[in-house]
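All of the numbers you see were taken from the coordinates with simple rules; none came from a lab. Quick caveat: nothing in here was measured; it's all calculated off a predicted structure. Methodologically, a virtual Cβ is constructed for each residue, glycine included, from the backbone with ideal geometry; neighbour enumeration extends over all protein chains shown.
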Amino acid sequence: MKLGISLACYRWVMYPYLRRDRPEHKSLGRPEPYLQTITGPGPSELPRNWLIDRMVDLGLESLYMGTAYLDDHDDARSFRDRMAANELELIGGLGLTLAAAEDEWRAGLFEQAVSDIRLLAAAGATFAAAVNDRPDSLNHFIKDPSIDEQMERAIRNFSSLMPVCEEVGLKLAFENHLDYRISEVVRVVQGVDSPYLGINFDTGNPVAVIEDPLVAARAAAPYSINAHLKDFRIQPATGTGEPRIFWTPLGRGDVPFDEILTVLAEGAPDPGTLSVCIEVAPPPEHDPEVWLRASIDWIRETFPQHFPNQGSAA
Amino acid sequence: MKLGLSQATYRWVCYPWLRFDVPEFRYSERRLPYFMSVDPPDTDGPPVDWLVDRVLQHDLTSLYMESGWLSDDGISSSFKSRMQASDLAFIGSCSANLAATEEEWGDPTYPLPAEARERVVYRSTSGDHGWAGGSQFEVLVRAMELAAVAGARIINVVHDVPARHNHFTKEPPIDRQIERMIRNFRTLVPVAESLGIVMATESHMDYRCADLLAVMEAVDSPWLRHCFDFANPITVIEDPLDAVKLVAPYTVVTHIKDMHARPMTHLGEPRFFHAPIGSGDVPIEAILEVLQSEAPDPDNLEHCLEIVPTSEYDPEAWLDASLDWLRANCAKFWN
């Protein structure tokens, strides 16, 4: 397997609409982030280039990044060349209203998705995680439309994208993105039944939809062409009687990584080239660099057998 | 099926160590509840009579309550008389470290010697609560004895150190915890049989129903059955509908509650919130269907409402709304 990161690790220091050094951040009423070891991209620095620098510094092999940081095809080609010069692989990210009704899908969403797929391909991506961009109104728990209807729509919408994926040589990886269960994601992938649609398995996200991560990994493995490594600490009992799920650095939570990585190594279609991207995004007052480095160190020390290229980088 | 009340519905109003009107509450950093439609009990001790009044007020048929609150045999007998006079069933509750080591669990000799029955006491004040003075085994025996005197035919035996041992903790791992629970429950089976009281396991924000099923199957006694909690499986990442299908054949009582799932949040940490029944994401009707068809005695199955809004909300309003929803939408299940 190859080890990478998701840009979401740095969401609070680099997302233009979230970064914690914006004046607007103060109105969230959160503590100040003291004693930080990293700041986000400077005013004249492109976030995508900042990310490449981070990758090189951390000794990683792949980067998960969406289209938001690529303005046009010239940008994409420039980014591709810079990634190639640093021997880095791009895993694209594609936001889709994947359970949109047919009329809405045909009224612009399909065209936007096709455009994004072409842009990612121009940037050098051969895989792209496809995520539901309306998780508040379309997810496992929503009753209207029912989950069955949502899955039928996703099958129809993903199917419509397969020809362009084949044309540009880019595979989509449907991600369980704090919205759907892997059992549902598998249903869609089987329904589409195309070599250009697989799964981006997120190790922590099953918890959010009350699905056991190891059970989910077993179901996802045969279709997994990418993965996100995420850990959560699950605290079932609390003073209020409402359980809490907290971010943790990898290895400090309750996600069974040993078993999951073994399942992926044994069951994924091509485990040797499977990119797994660390996605650890602590709350904004915590230091994302400290969390990320601790997670990378833990992965390298604990699972050298799964990441042969990381031995020399460590 | 019947509808009852769990004491936990009023935890922020009536638990001596949690109630919002004691000074200690101000240290909790919790918001004060405004516009409450129920007054706290006028006792600073266990609110037993107050809870019976709430059951009657809502036209329910049972009360789930900590048996330690009954303190001694005299109070238990008196409580039994009041419950019988009102045709109410009492479902007891007791707790201990179910995954205790053999040493922590203690000598499982039964009956307890007289000095142990004197030594083991339940305390309930604004600053402290719980059993003291005995081993885990002795505590549970005393709690079961009091419940039996008070007329209970079922008592939930729940785990009381969920932060130390639960499905996710590794010292020891869950398989070893299950082995300990099997050993410990086996020592209680003769006690339950002698007292004529059925013990019920409960997924109590600690273990999955699948874990507890393994315990019940291994103990293999009619004196060990299950209390199904409609929402607690969520807290241990177990689907409630899958869970009830596992334990329905063992289910002799339930805690009926709802919870709202918010899988994606601004911080990226999923949240699960209490909700009035019918307003959340627990498939209430589907679970009731499973219990109706697979529970051993569905006609007499007591569903104790355990509506536990956080302290700033009015539990009476939530309970009223939940009862209205259950009576309107699930009427076919109620006797």
**OP:** Round to a whole angstrom and tell me the spacing of the C-alpha centers of region B:135-153 and region B:269-311.
**Re:** 27
Original post:
For the protein assembly as shown, what is the charge dipole size about the Cα centre, in debye to the nearest 20, if Lys and Arg each add +1 at the Cβ and Asp and Glu each add -1 at the Cβ?
Top reply: 500
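With Rg and the Kirkwood Rh both taken from Cα atoms, where does Rg over Rh land for region B:241-309?
1.06
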**OP:** Please express the shape of region B:1-135 as an equivalent ellipsoid: the semi-axes are the square roots of 5 times the eigenvalues of the C-alpha gyration tensor, given largest first in whole angstrom.
**Re:** 28, 22, 14
**OP:** Using the number of other C-beta atoms within 10 angstrom as an exposure proxy, rank A:LYS26, B:LYS2, A:LYS143 with the fewest first.
**Re:** A:LYS143, A:LYS26, B:LYS2
Original post:
Taking every DSSP beta bridge that has both residues in region B:1-153, what percent is antiparallel when rounded to the nearest 5?
Top reply: 35
Original post:
How many Cβ atoms of partner chains, on average, are near each residue of A:237-250 if near means within 10 Å of its Cβ?
Top reply: 6
Subject >> Under 5 Å, built H, 5+ apart or other chain: amide partners of A:ILE278 >> reply: A:GLY4, A:ILE5, A:SER6, A:LEU229
Original post:
Under the classification rounded if a/c is under 1.5, otherwise prolate if a/b is larger than b/c and oblate if not, where does chain A fall, given a ≥ b ≥ c as square roots of the Cα gyration tensor eigenvalues?
Top reply: rounded
Subject >> Stokes-Einstein D in µm²/s, Kirkwood radius over Cα pairs - the protein assembly as shown at 25 °C with 0.890 mPa s viscosity >> reply: 91
Original post:
Hey, with R₀ at 25 Å, roughly what FRET efficiency would B:ARG327 and B:SER194 work out to, going by the Cβ-Cβ distance, to 0.05?
Top reply: 0.05
**OP:** Using R₀ = 22 Å, calculate the FRET efficiency as 1/(1 + (r/R₀)^6) where r is the Cβ-Cβ separation of A:GLN190 and A:ALA265; round to 0.05.
**Re:** 0.45
**OP:** Count neighbours as other Cβ atoms within 10 Å of each site's Cβ, and list the chymotrypsin sites (Phe, Trp or Tyr not before Pro) in region B:97-182 that are DSSP loop with at most 12 such neighbours.
**Re:** none
Original post:
Which value, in debye to the nearest 20, gives the size of the charge dipole of region B:2-333 about its Cα centre, when Lys and Arg are +1 and Asp and Glu are -1 at the Cβ?
Top reply: 120
**OP:** Among B:ILE75, B:GLY151, B:PRO298, pick out the residue whose Cα is farthest towards the positive end of the charge dipole of chain B, where Lys and Arg carry +1 and Asp and Glu carry -1 on C-beta, about the Cα centre.
**Re:** B:PRO298
Subject >> Cα gyration tensor, region A:67-109 - rounded (a/c under 1.5), prolate or oblate >> reply: prolate
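For B:TYR207, A:TYR34, A:TYR223, what ranking results if the residue with the fewest other Cβ atoms within 10 Å of its Cβ goes first?
Starting with the residue having the fewest Cβ neighbours, the order is A:TYR34, A:TYR223, B:TYR207.
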**OP:** Pop a pseudo-label 7 angstrom from the Cα along the beta-carbon direction at both A:THR39 and B:ARG82 and give the gap in nm to one decimal.
**Re:** 6.7
Original post:
For region A:90-179, what's the radius of gyration and Dmax over Cα atoms, in angstrom?
Top reply: 12.8, 39
**OP:** Check cross-link reach from A:LYS171 to the lysines: straight Cα distance under 20 Å, and skip same-chain residues fewer than eight apart.
**Re:** A:LYS2
**OP:** Could you sort out which of A:LYS143/A:LYS230; A:LYS26/A:LYS230; B:LYS2/B:LYS80 sit more than 23 Å apart by Cα distance in this structure?
**Re:** A:LYS143/A:LYS230; A:LYS26/A:LYS230
Subject >> All-pairs Cα distance distribution in chain B, expressed in whole percent, bin size 20 Å >> reply: 31, 62, 6
Original post:
Among B:PHE273, A:THR39, A:LEU264, whose Cα lies farthest out toward the positive end of the dipole of the protein assembly as shown, if unit charges sit on the beta carbon of Lys, Arg (+1) and Asp, Glu (-1)?
Top reply: A:THR39
**OP:** Could you line up B:GLU171, A:GLU279, A:GLU211 from fewest to most neighbouring Cβ atoms inside 10 Å?
**Re:** B:GLU171, A:GLU211, A:GLU279
Subject >> Given charges at Cβ of Lys, Arg, Asp, Glu: the protein assembly as shown dipole, positive-most of A:CYS165, B:TYR110, B:VAL189 >> reply: A:CYS165
Subject >> Cβ-placed point charges (K, R +1; D, E -1), dipole of region A:179-314 about Cα centre in debye, nearest 20 >> reply: 60
Original post:
Roughly what % antiparallel, to the nearest 5, for the DSSP beta bridges in chain A?
Top reply: 10
Subject >> Averaged over B:233-243, number of beta-carbon atoms from partner chains that fall within 10 Å >> reply: 5
Subject >> Inter-chain shielding of A:282-289 (mean C-beta neighbours from other protein chains, 10 Å cut-off) >> reply: 1
Original post:
Roughly what % of DSSP beta bridges within region B:2-333 run antiparallel, to the nearest 5?
Top reply: 20
